[in-house]
Structures are given as structure tokens and as C-alpha cells.
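*Asks:* Have a look at this one.
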Amino acid sequence: MGFISDALNRIQPSATIAISNKASAMQAEGKDVIGLAAGEPDFDTPDNIKDAAIAAIKAGKTKYTAVDGIAELKKAVAAKFKRENGLEYKTSQVSIGTGGKQVLFNALMATVNPGDEVIVPAPYWVSYPDIVMLAGGTPVIVQGPADKGFKLQAADLAKAITPKTKWLILNSPSNPSGAAYTRDELKAIAEVLLKHPQVWVLTDDMYEHLVYDTFEFTTIAQVEPRLYDRTLTMNGVSKSYCMTGWRIGYGAGPEVLIKAMAKLQSQSTSNPSSIAQWAAVEALNGPQDFIAANNKVFKERRDLVVSMLNQARGLHCSTPEGAFYVYPSCAGLIGKTAPSGTVIANDEVFVTELLAAEGVAAVHGAAFGTSPFFRISYATATKTLETACERIQRFCASLR
């Protein structure tokens, strides 16, 4: 009899966190490392949000709250969904979690049984398949073709659905690719789902506000109201509001699901931080103008990184619609030899050698289910990004 549970042995540590930790350890040793692995805005949390947290502390709002969130935050979430997405939710249909990851975790753990299948389009956020496996389910990976912008195609979704399919996870804009689905693309996916009433949709909209150029964000329950009764619409304050460390995510969906999620949360973490919840109320209800200002900077960084990576020998980088990631192909470098003498056999070797040779930390595409690619986060200072891309160009040029 093993000491560690079989469930835990089914999963792996988060690859993005592991690489970020490795980069931090190298920096602590005095090495010159530029970390482009973490999905975290470099902008500070706006002052009005900080002030709301301080006011909550001074007012003594530091006690336990309802397990899945204070009424004021649930009202703010419901108002946000109505204002921005045209979706009507009662507060009893809203769940507040310790970050978006807990909302996803609660939903899957509360509904997935052994043998259930969950369709996960690739490239995917690293945690989706592992959470499904931890719950005892089977992740069914469906590739979003690179020549289709890394987006799930309706025909491929139709082929992947079986009588065992319980969920489709849909992430737009995407981590890691930055791809975002248009209204028409979501409509095509919805048409497939309408033919399979047993399949629920878990839509991860965490990067909703981070879209560029003329792209208009929509979410699937907004595009197809007939899916409303089997959709969990998940979001949070981490990325758009520069509140990653505050750990507040939220989701809205049918009451039966929300109650099940609350039941699980009551026996795990219980309520999210009371102080962070009050800060999130201000984030959702307060001024939103800083989002557009941040996006202008993010767009400039995206364009810089895409341009510089496309000037690197052997790389090809498409221009994503949203988030703050690019997902370049390193196919042109597979089989070449690094100055260390190591053959670049795959994308994991590529990022490992890049870190060793030039001190640039990126995440290999295999961690996201699609190779040979790698992910770079451009949520860091513009000058730092320019230096990092110069190092990447130098490394690619050094391969023989």
C-alpha cells in the first residue's frame, strides 16, 4: 500500500509554476535571468482597490464570511455579467473562489465521476487536464490547429463528443496562445453542443478585457442563450485588475451546480479572504478606465515581441487577439545543436537550453499539449522584453 494517494499520482506539478520557480532560484543565486514564464501583469493594483482593502481592514471586516463569498461581491459579479455580457444571474447563481483556479477545481470535482470525459482544446492551460484527472475523469484533448489560430473547430468538437462527455472547457482569450473566439466561431461551437444536451460548458473568460485591435469579446452563453442552463461562466480579477496575489475568482451558472461547488468549498478552503473580497467589490464596481490604458501598453508589447521573434532564425510567431502571451513555433530549430553540444530534440530542450545559454525563462509547448511551440508572457517591462527578444535571437542564431 503506497502512502501517496493514487489520485495525486495521476497529476503533475504545474509546469508554469515550476519554471517560474527555477528562474527565481537562479536569480537568487545572482544569475542574470529574465523570467517570461509567469502570467502576471507587471502593473500595480490600482490605488482605489488598495484603498478599499485598507478601509475594510479598518472597519473590522476581517472575520469569516459566507463560504462562497459575501453578498456584496456576488451582487457586483451579477451586475458585471449583466452590464458587460448581457447575462442575468441571481446572487444564488454566483460563486466566489480563491482565484479562478478554485472555481474551475470546484466545478470539476463536484461533477466529474470516474469514466466521465471532459473535452479540453489544445493548446490548453496546464491545469485543465490535471484537475480532470484528479477528479477521476478522462481529459479528451482536441487540437486547435495552428493554421486556424489554435482554435477548436466545430467539426473536430463534434467528432470528440461521446455519450461519456460531461464538459467542454473553453478558454477565450487563451492561455497559452492568446487566441480569442469570434462570435461566429462560438456560434458554430454552440450549434454542435445543442445537439448533445448532456454536455456542459465551462468557459474560462479570465482574460476577457485583454483583447486588442478591433476584436470584440463575447462569451458562449451570451452568443447562444439556449446553453445558459448548462454553462458555468468563470472569470476573476487577477489579470484585468492586476490582482493576481489577491486570489479572487468567480463563476456563475445554474443553482444546482453553484450549491454543489459551495458544498465542496465548505469542506476545503472555506471562504476566500474577506479583505480581498472587499477589494474585488471595488474592482468590479469602481472606475474601469485603467484597463484601456494598460491594454494600450500590452498591445505595444505584443507587437514588439511578435516582430522581434519573427526576426529570429527558425521561429515563427503569429499575432494573437488577446491575453498577454505569444505562442511561437520553434519547428525550424528542431534537430539543430546548441553551443553546449545538446541537440534540440523538442520544445522542452529548446527552452531548457535557452535558459541555460541566455537566461531567458519560457515555457515549453508540450506543457500546454501542443508542440513544437513555446509560450512567452509579455506582461513585463517593455525594455526587458526587448532585451529578452534580443537574447532569443542570439540563441537561435547560435544553433547549428
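The values are calculated or read from the model by the stated rules, or taken from the named source; none is laboratory data. The shown structure was predicted, so the numbers you read here are calculated from the model rather than taken from an experiment. Cβ placement follows ideal geometry from the backbone for every residue including glycine, while neighbour counts extend to all protein chains displayed. Heavy atoms of the whole protein, side chains included, go into the accessibility calculation; ligands, DNA and RNA do not. Shrake-Rupley method; radii C 1.70, N 1.55, O 1.52, S 1.80 Å.
*Asks:* Which of rounded, prolate, oblate describes region 270-330, given a ≥ b ≥ c as roots of the alpha-carbon gyration tensor eigenvalues and a/c under 1.5 marking rounded, otherwise prolate only if a/b is larger than b/c?
*Replies:* prolate
*Asks:* Find the all-direction average of the projected area of the Cα convex hull for region 11-54, expressing the result in square nanometres with one decimal place.
*Replies:* Across all orientations, region 11-54 yields a mean hull projection of 5.1 nm².
*Asks:* A further question on this structure: Taking only Cα atoms and a 10 Å spring cutoff, compute GNM fluctuations for the chain and point out the largest among Val351, Val343, Val120.
*Replies:* Sorting by GNM fluctuation, first place goes to Val343.
*Asks:* Tell me, what is the per residue accessible area of the chain in Å², probe radius 1.4 Å?
*Replies:* Value returned for the chain: 41 Å² of accessible area per residue.
*Asks:* About its Cα centre, what dipole magnitude does region 282-322 give when the only charges are +1 on Lys and Arg Cβ and -1 on Asp and Glu Cβ, stated in debye to the nearest 20?
*Replies:* It works out to roughly 280 debye.
*Asks:* Based on the mean of other Cβ atoms within 10 Å per residue, sort peptides 94-104, 135-145 so the most packed one is first.
*Replies:* 94-104, 135-145
*Asks:* Still on this structure: Report P(r) for region 195-246: all Cα-Cα distances, bin width 5 Å, range 0 to the bin holding the largest distance, values in whole percent.
*Replies:* 4, 18, 22, 19, 16, 11, 6, 2, 0
*Asks:* Classify region 46-99 as rounded, prolate or oblate, taking a ≥ b ≥ c as the square roots of the eigenvalues of its Cα gyration tensor: rounded when a/c is under 1.5, otherwise prolate if a/b is larger than b/c and oblate if not.
*Replies:* Taking the square roots of the gyration eigenvalues as a ≥ b ≥ c, region 46-99 is oblate.
*Asks:* Under 5 Å between amide hydrogens, which residues at least 5 positions from Ile141 or on another chain qualify, with H placed 1.01 Å from N in the peptide plane?
*Replies:* Correct list: Val120.
*Asks:* Taking each pair of distinct Cα atoms in region 288-400 once, what is the resulting Kirkwood hydrodynamic radius in Å?
*Replies:* That comes to 14.3 Å for region 288-400.
*Asks:* Next question. Can you tell me which of Leu170, Leu315, Leu232 moves the most in a GNM of the chain? Springs connect C-alpha atoms under 10 Å apart.
*Replies:* Result for the chain, Cα springs under 10 Å: Leu315 fluctuates most.
*Asks:* Quick check on my link table: of Lys63/Lys263; Lys90/Lys263; Lys63/Lys101; Lys166/Lys263; Lys61/Lys383; Lys63/Lys296, which ones sit more than 30 Å apart, alpha carbon to alpha carbon?
*Replies:* Lys61/Lys383; Lys63/Lys296
*Asks:* So, in nm, how far is label Thr384 from label Arg400 when the simple model puts each one 7 Å beyond its Cα toward the Cβ?
*Replies:* Label-label distance for Thr384 and Arg400, simple model: 3.4 nm.
*Asks:* Here's something else I'd like to know. Taking a quarter of the surface of the convex hull around the Cα atoms of region 352-392, what do you get in nm²?
*Replies:* Mean orientational projected area (region 352-392, Cα hull): 3.0 nm².
*Asks:* First check a/c for region 131-237, with a ≥ b ≥ c the square roots of the eigenvalues of its C-alpha gyration tensor; if it is under 1.5, answer rounded, and if not, answer prolate when a/b is larger than b/c or oblate otherwise.
*Replies:* rounded
*Asks:* Under the rule of at least 5 residues apart or a separate chain, name every residue whose amide H is placed under 5 Å from the amide H of Ile34.
*Replies:* When sequence neighbours closer than 5 places are left aside, the close amide H contacts are Val360, Ala361.
*Asks:* For Ser270 and Lys63, calculate 0.36 nm times their separation in residues minus their Cα-Cα distance, and state this gained length in nm to one decimal.
*Replies:* That works out to 73.3 nm of additional length.
*Asks:* OK, next. So what is the orientation-averaged projected area of the chain, using the convex hull of its C-alpha atoms, in nm²?
*Replies:* 20.6
*Asks:* Let me see the P(r) profile for region 1-101: every Cα-Cα distance counted, bins of 5 Å, each bin given as a percent of all pairs.
*Replies:* Histogram of Cα-Cα distances, whole percents per bin: 2, 9, 10, 12, 13, 14, 15, 13, 8, 3, 1.
*Asks:* Roughly how compact is region 206-330, stated as its Cα Rg over 2.2 N^0.38 Å to two decimals?
*Replies:* 1.32
*Asks:* Relative to the first principal axis of the alpha-carbon coordinates of the chain, what is the inclination of helix 347-358, with its axis defined by its Cα atoms, in degrees from 0 to 90 and to the nearest 10?
*Replies:* Tilt of helix 347-358: around 70 degrees.
*Asks:* A further question on this structure: Determine the sum of side-chain charges near Ile275: Lys and Arg each +1, Asp and Glu each -1, restricted to other residues whose C-beta is under 14 angstrom from that of Ile275.
*Replies:* Summing Lys and Arg as +1 and Asp and Glu as -1 gives +2.
*Asks:* While we're on this one: Taking the 0 to 90 degree range and rounding to the nearest ten, how far is the long axis of helix 274-285 tilted relative to the main principal axis of the chain, both from C-alpha atoms?
*Replies:* Roughly 90 degrees, rounded to the nearest 10.
*Asks:* If you don't mind, there's one more thing I want to ask. If you count, for each residue, the other Cβ atoms within 10 Å and average over each peptide, how do 272-285, 212-225 line up from highest to lowest?
*Replies:* Per-residue Cβ counts within 10 Å, averaged per peptide and sorted highest first, yield 272-285, 212-225.
*Asks:* Run lengths n ≥ 4 of DSSP H only: what is the helix-derived mean residue ellipticity at 222 nm for the chain, with -39500 (n - 2.57) per run over all residues, to the nearest 500?
*Replies:* -12500 deg cm²/dmol
*Asks:* Report Rg(Cα)/(2.2 N^0.38 Å) for region 312-356, keeping two decimals.
*Replies:* So region 312-356 has a normalised radius of gyration of 1.28.
*Asks:* To the nearest 10 Å², what's Asp289's accessible area with a 1.4 Å probe?
*Replies:* For Asp289, the solvent-accessible surface is approximately 120 Å².
*Asks:* Follow-up question, since we're still on this one. How large, in percent, is the carbon and sulfur part of the accessible surface of the chain at a probe radius of 1.4 Å?
*Replies:* Accessible surface attributable to carbon and sulfur in the chain totals 55 percent.
*Asks:* Ordered by residue, what ³J(HN,Hα) values in Hz, to whole numbers, does region 15-32 give under the Karplus form 6.51 cos²θ - 1.76 cosθ + 1.60, where θ = phi - 60° and Gly and Pro are x?
*Replies:* 5, 5, 5, 4, 6, 4, 5, 5, 5, 5, 5, 5, 5, 5, 7, x, 7, 7
*Asks:* Per-residue HN-Hα couplings for region 383-400, Karplus 6.51 cos²θ - 1.76 cosθ + 1.60 at θ = phi - 60°, whole Hz, x for Gly and Pro?
*Replies:* Here the 3J(HN,Hα) series is 5, 5, 4, 4, 4, 4, 5, 5, 5, 5, 4, 5, 5, 4, 5, 7, 6, 10 Hz.
*Asks:* Right, something else. In whole Hz, what ³J(HN,Hα) sequence does region 117-122 give by Karplus (6.51, -1.76, 1.60; θ = phi - 60°), x for Gly and Pro?
*Replies:* Rounded to whole hertz, the list is 10, 10, 7, 10, x, 10.
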